[in-house]
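Have a look at this one.
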Amino acid sequence: MNMSEIATEGLLYKQAEQYIRESYHERSVPQSQMLARLSDIRDEINEIGTYNHTIEELTYGAKLAWRNSNRCIGRLFWESLTVIDARHVTNTDEMAQVLFRHIREATNEGRIKPMISIFPPASSRAVKPPRIWNHQLVRYAGYETESGVIGDPASVAFTTTCLSLGWRGAGSAFDVLPLVLSLEDGEPSLYPIPEELVKEVPIAHPHIEGIGELGLKWYAVPFVADMRLEIGGIHYTAAPFNGWYMGTEIGARNLADDDRYNMLPDIAAAMGLDTTSAFTLWKDRALVELNIAVLHSFREHGVTIVDHHTAAGQFKRFQKNENDNDRDVTGRWSWLIPPLSPATTHLFHSSFDDEIKLPNYFYQN
Ligand code: ARG
């Protein structure tokens with residue numbers, strides 16, 4: 001991010017004040033304590049140009065940022081987020097150790113726990129803010145070859161970066177990329193993830209054998225690593241988080257999109273479908289069976305996953321909880337509807353206000 005985005009001291013206090021007032025009120029902290037805290041924050045900003053969140057402020061802020069994530073259908077569980085305070089790290093080796101622990105504990109042998117690790121925030125003194133260069137902590141490489149991309153086309157640019165930093169992949173369609181980490185000097189360091197930490201699920205269908213024979217797999221946990229967490233004017237530029245997968249993310253997008261793994265023609269072939277005419281809806285039939293295979297395989301391997309109908313039902317409960325607490329639910333309709341059979345869920349027939357509330361998670365370059 002651009003350092004000019006970091007608030008000047010007056011603005012920073014204002015942003016802090018808004019967060020402290022709202023969150024202390026929600027947490028039912030007595031007014032006197034809240035006012036005392038605001039005066040401490042004012043002093044700290046005057047003295048050092050910024051302020052440090054207490055562990056409670058950090059934890060609640062990360063949870064609120066999830067609750068405010070308009071694109072997320074899984075927000076019912078916002079209060080269950082486990083927050084790892086990693087603001088003390090001083091080098092990328094320590095950062096990698098925290099991330100390895102995050103991967104192990106969140107994967108939890110398949111019983112996935114929503115978790116976030118929060119590294120030191122961007123400081124106005126630093127030239128560069130702390131960053132994880134990966135899009136997700138665990139993701140597959142993509143190699144451009146003369147006969148097309150091997151692996152995940154979405155990873156081609158980042159894979160090139162890893163190769164230029166000296167990494168060598170095996171060249172399969174499912175090579176797990178290394179972590180690329182940088183702190184204030186901006187110099188990237190590579191950390192291959194120990195294999196035993198990366199849980200993966202081979203994809204097979206409950207009765208269409210040919211689908212299992214395609215050799216597909218996916219990793220168990222989506223760890224989004226490149227978003228910025230903003231709480232009370234403080235920008236946490238390295239704050240990777242995870243939930244668990246909704247099946248369609250893998251079955252209707254990652255493995256299905258024609259600019260990703262583009263597997264629908266292979267699935268259709270495994271099903272013996274006639275693919276000469278769109279009119280037969282072979283793509284739709286292949287899509288449904290691929291999604292059944294993803295859900296079935298994750299369940300067989302004891303890895304948490306949710307189908308899109310159940311997830312929509314959970315979102316409905318979230319909407320009710322929020323309304324019961326006199327809060328309105330913001331959302332982005334185009335992201336909340338699932339990519340498979342959207343009109344079978346209530347989301348398709350609803351509309352949402354996409355206003356961005358703070359705290360929140362933001363894209364960064
Ligand atoms: N859609 C992304 C993927 O397929 C993951 C985004 C986060 N998803 C989640 N269930 N928390 O890898």
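The values are calculated or read from the model by the stated rules, or taken from the named source; none is laboratory data. Source: prediction; values computed, not measured. Cβ placement follows ideal geometry from the backbone for every residue including glycine, while neighbour counts extend to all protein chains displayed.
Scanning segment 27-51 for residues that are in contact (Cβ under 8 Å) with a residue 24 or more places away in the chain and surrounded by fewer than 14 Cβ atoms within 10 Å (Cβ to Cβ), which turns out farthest from the chain's Cα centre (by Cα)? Before the answer, list the steps.
In the first step, residues of segment 27-51 are kept if they are in contact (Cβ under 8 Å) with a residue 24 or more places away in the chain; the result is 27, 41-42, 45-46, 49-51.
Applying the additional criterion that residues be surrounded by fewer than 14 Cβ atoms within 10 Å (Cβ to Cβ) yields 27, 46.
On the way: Arg27: 26, Asn46: 35 Å.
If we take residues in segment 27-51 being in contact (Cβ under 8 Å) with a residue 24 or more places away in the chain and surrounded by fewer than 14 Cβ atoms within 10 Å (Cβ to Cβ), then Asn46 is farthest from the chain's Cα centre (by Cα).
Taking Ala343, is it closer than 19 Å to Asp257 by Cβ, of a type in the set (Gly, Ala, Ser) and either under 21 Å from the mean Cα position of the chain (by Cα) or in a helix (DSSP H, G or I) (or both)?
no
Okay, next question. Considering segment 71-118 alone, what residues qualify as being more than 16 Å from the ligand (Cβ to nearest atom) and within 14 Å of Val224 (Cβ to Cβ)?
Once the filter is applied, which keeps residues that are more than 16 Å from the ligand (Cβ to nearest atom) and within 14 Å of Val224 (Cβ to Cβ), segment 71-118 yields Leu99, Ile118.
I've got another one for you. For segment 114-127, check the following and say yes or no: at least one residue is modelled with pLDDT of 95 or more and surrounded by fewer than 19 Cβ atoms within 10 Å (Cβ to Cβ).
Taking segment 114-127 as the starting set, the residues that turn out to be modelled with pLDDT of 95 or more are 114-122.
Going one step further and asking which of them are surrounded by fewer than 19 Cβ atoms within 10 Å (Cβ to Cβ), we end up with none.
No, every residue in segment 114-127 fails to be modelled with pLDDT of 95 or more and surrounded by fewer than 19 Cβ atoms within 10 Å (Cβ to Cβ).
Name the residues in segment 256-270 that are within 11 Å of the ligand (Cβ to nearest atom) and without any contact (Cβ under 8 Å) to a residue 24 or more places away in the chain, would you?
Hit for segment 256-270 is Asp257, nothing else.
Here is a further query. Within segment 273-288, track down each residue that is in contact (Cβ under 8 Å) with a residue 12 or more places away in the chain and over 29 Å from Arg332 (Cβ atoms).
Residues satisfying the conditions are Leu273, Trp282, Arg285.
Determine the pairs where a residue that is within 22 Å of Leu179 (Cβ to Cβ) and near the ligand (Cβ under 8 Å from one of its atoms), located within segment 240-255, has a partner that is part of a helix (DSSP H, G or I) and modelled with pLDDT of 95 or more with Cβ atoms under 7 Å apart, the partner being 6 or more residues away or on another chain.
Qualifying pairs under 7 Å: Asn242/Ala106; Ile250/Val294.
Report whether or not Glu187 is modelled with pLDDT of 95 or more, part of a loop (DSSP other than H, G, I, E, B), more than 16 Å from the ligand (Cβ to nearest atom) and among the acidic types (Asp, Glu).
So Glu187 fits the description; yes.
Check off (1) within 16 Å of the ligand (Cβ to nearest atom); (2) over 30 Å from Asn52 (Cβ atoms) for Thr275 and give me the number that stays unchecked.
Condition not satisfied by Thr275: (1).
For segment 134-151, which positions are within 16 Å of the ligand (Cβ to nearest atom) and either surrounded by 18 or more Cβ atoms within 10 Å (Cβ to Cβ) or without any contact (Cβ under 8 Å) to a residue 12 or more places away in the chain (or both)? So that I can check it myself, show each step before the final result.
At the first step, the residues of segment 134-151 found to be within 16 Å of the ligand (Cβ to nearest atom) are 134-142, 151.
Matches in segment 134-151: Asn134, Gln136, Leu137, Val138, Arg139, Tyr140, Ala141, Gly142, Gly151.
I would also like to ask the following. On the basis of being in contact with a Phe, Trp or Tyr (Cβ under 9 Å, 6 or more places away or on another chain), within 21 Å of Ile132 (Cα to Cα) and either free of Cβ contacts under 8 Å to residues at least 40 places away in the same chain or buried (at least 24 other Cβ atoms within 10 Å of the Cβ) (or both), does Ile231 make the cut?
Considered against the rule, which asks whether it is in contact with a Phe, Trp or Tyr (Cβ under 9 Å, 6 or more places away or on another chain), within 21 Å of Ile132 (Cα to Cα) and either free of Cβ contacts under 8 Å to residues at least 40 places away in the same chain or buried (at least 24 other Cβ atoms within 10 Å of the Cβ) (or both), Ile231 comes out as yes.
Then there is this: Filter segment 208-239 for residues that are assigned to a strand (DSSP E or B) and out of contact with any strand residue (DSSP E or B) (no Cβ under 8 Å at 6 or more places or on another chain); which is nearest to the ligand (Cβ to nearest atom)?
Within segment 208-239, the match that is nearest to the ligand (Cβ to nearest atom) is Ile231.
Considering only residues that are in contact with a Gly (Cβ under 9 Å, 6 or more places away or on another chain) and either loosely packed, with under 14 Cβ neighbours inside 10 Å or closer than 13 Å to Ala154 by Cβ (or both), which ones fall in segment 256-268?
Tyr261
While we're looking at this one, here's another question. Could you check how many residues of segment 322-354 are of a type in the set (S, T, N, Q) and exposed (fewer than 15 other Cβ atoms within 10 Å of the Cβ)?
Total meeting the criteria: 5.
State yes or no: is Glu146 over 23 Å from the mean Cα position of the chain (by Cα) and modelled with pLDDT of 95 or more?
yes
Return a yes/no flag: does segment 97-113 have any residue that is outside any loop (DSSP other than H, G, I, E, B), surrounded by 15 or more Cβ atoms within 10 Å (Cβ to Cβ), at positive phi and more than 18 Å from the chain's Cα centre (by Cα).
no
List the number of the failed condition for Ala170; all other conditions in (1) assigned to a loop (DSSP other than H, G, I, E, B); (2) in contact with a Lys or Arg (Cβ under 9 Å, 6 or more places away or on another chain); (3) of a type in the set (A, V, I, L, M, F, W, C) hold.
(2)
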